[in-house]
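K.L.:
One structure, pasted below without further comment.
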Amino acid sequence: MNKINAAITAVGGYVPDYVLTNKELETMVETNDEWIKSRTGIEERRILKGEGKGSSDLGAPAVQDLLKKRGISAEEIDLLICCTATPDMLFPATANIICDKIGAKNAWSFDLLAACSGFIYGLTTGSKFIESGAYKKVVVVGADKMSSIVDYTDRKTCVLFGDGSGAVLLEPGTDGYGIMDSILHTDGSGREYLRLKAGGSLKPASEETVKNGEHFIYQEGKTVFKFAVVNMAEVSYEIMQRNHLTKDDIAWLVPHQANKRIIDATAERMGLPMEKVMINIQRYGNTTCATIPLCLWEWQNQLKKGDNLILSAFGGGFTWGAIWVKWAYDGK
Ligand code: UT7
């Protein structure tokens, strides 16, 4: 019997309407458009406005978009994995809430936490449920309402992040297309450089944690940058080497969108020209688990069956890795 591969058979995405520009940020903190653009590549980001809305309100429309494109109903989903660093609440899982909102009555679901590497961890995990033959339709959705944990008085972090969601459908294929290989890493000693200090079991929420701003993202940017730039580039190169892929074999690099300079360094290490790199950081900023599927969502019409894609990410944890995908269908 031929080996079963997990093929991506549809992509969905969703970004909220509100556009927070660098110009508007200039009125909120001591910053300027030139600094933000030259240091990060970001020009604007989307923000989910309104009371009572969480990451599930980003994830649900992204999955619905995907279902519509594939022409299937939510009831056909077997498993839904939600990759998020900003769950609606600590429990129950945001994945469960998305399933409820879209009517995925026959699915089981869970959340996966790997910060900015969440989507590639989730895609690897989801692919195993397909490759084993256990399930036929697995949805992996990356959804993050980063604005819920950003301190809009801290110029070091508030310019970086945005809200959004992207989702893919995995289905079995036996003709050699799909998720081909993945390399994932974790180094928990990096936790001190990028984290949410309070609100977990180690330091539950209190008057003091709120007063100290410990429910907002804390990042030592320079240190994280140094780890990211080396590790994302190396793991992307490693997955090429391990699979005997040359730069000419690769159609697209789909990098996590944290900083344009990290993306440039990764492309350079792989020997790829920038025309082969998906970049939309200028419009969405860092949407954490949504960056990679939002790229696939925007580029899906240009993708062709057989295209070799390298997806790669680095994030809090530290976590990092890369995936080789052989694209399974022609875009329009
Ligand atoms: O996705 C998860 C993983 N995260 C990442 O990959 C992020 C990695 N880190 C980065 O992308 C970069 O470190 C940042 C974009 C966060 C910062 O860029 P940087 O070149 O490392 O700048 P820096 O933090 O060293 O700051 C340089 C200067 C500082 O001023 P002094 O101390 O030199 O006077 C900052 O205070 O820039 C200042 N600064 C700003 N100035 C204007 C910091 N933020 C801003 C700002 N506007 N928004």
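No lab work stands behind these numbers, since they all come straight from the coordinates. Predicted model, so just to flag it, every value in this text is computed and none were measured. All Cβ positions, even for glycine, are placed from backbone atoms using ideal geometry, and neighbour counts span all protein chains on display.
K.L.:
How would segment 1-52 be classified by its alpha-carbon gyration tensor: rounded, prolate or oblate, with rounded meaning a/c under 1.5 and the a/b versus b/c comparison settling the rest?
P.N.:
Working: a/c = 4.96, a/b = 2.13, b/c = 2.33.
Oblate.
K.L.:
Turning to a different aspect of this structure: Can you grab the distance from the C-alpha centre of segment 132-174 to the C-alpha centre of segment 291-322, Å, no decimals?
P.N.:
12
K.L.:
Excluding residues fewer than 8 places away in the same chain, name every one of the aspartates and glutamates whose C-alpha is closer than 17 Å to that of residue 332.
P.N.:
Straight-distance partners of residue 332: 65, 298, 307.
K.L.:
Here's something else I'd like to know. Using +1 on the beta carbon of Lys and Arg, -1 on that of Asp and Glu, and nothing else charged, what's the dipole of segment 5-178 about the Cα centre, debye to 20? If you can, show how the numbers build up before the last one.
P.N.:
Numbers: 18 positive and 24 negative charges, 62 e Å.
Roughly 300 debye, rounded to the nearest 20.
K.L.:
Using all Cα-Cα distances in the chain, what percent lands in each 20 angstrom bin from 0 up to the longest?
P.N.:
So the P(r) values, bin by bin, are 34, 59, 7, 0.
K.L.:
Positive end of the dipole of segment 5-178, charges at C-beta (+1 Lys, Arg; -1 Asp, Glu), about the Cα centre: which of 27, 130, 82 has its Cα farthest in that direction?
P.N.:
Of 27, 130, 82, it is 130.
K.L.:
In the chain, which cysteines lack any other cysteine Cβ under 4.7 Å from their own?
P.N.:
82, 99, 116, 158, 295
K.L.:
Counting Lys and Arg as +1 and Asp and Glu as -1, what is the net charge of the other residues whose Cβ lies under 10 Å from the Cβ of residue 316? Could the numbers behind the result be given before it?
P.N.:
On the way: positive: 191, 195; negative: none.
Here the charged neighbours net out to +2.
K.L.:
Could you tally the net charge around residue 99, taking each other residue with its Cβ under 15 Å from the Cβ of residue 99, Lys/Arg +1 and Asp/Glu -1?
P.N.:
Values: positive: 101, 105, 137; negative: 57, 75, 76, 78, 88, 100, 111.
Neighbourhood net charge equals -4.
K.L.:
If neighbour count is taken as other Cβ atoms inside 10 Å, put 116, 158 in order from fewest to most. Please list the in-between numbers first.
P.N.:
On the way: 116 31, 158 21.
By the 10 Å Cβ count, ascending: 158, 116.
K.L.:
Okay, next question. As a quick test, which of the pairs 69/304; 3/326; 68/136; 53/260 have an alpha carbon distance above 24 angstrom in this structure? Please list the in-between numbers first.
P.N.:
On the way: 69/304 16 Å; 3/326 15 Å; 68/136 17 Å; 53/260 29 Å.
Flagged as over cut-off: 53/260.
K.L.:
On the first, second and third principal axes, largest extent first, how far apart are the outermost C-alpha atoms of segment 180-326 in Å?
P.N.:
If we take the Cα atoms of segment 180-326, the spans are 55, 29, 25 Å.
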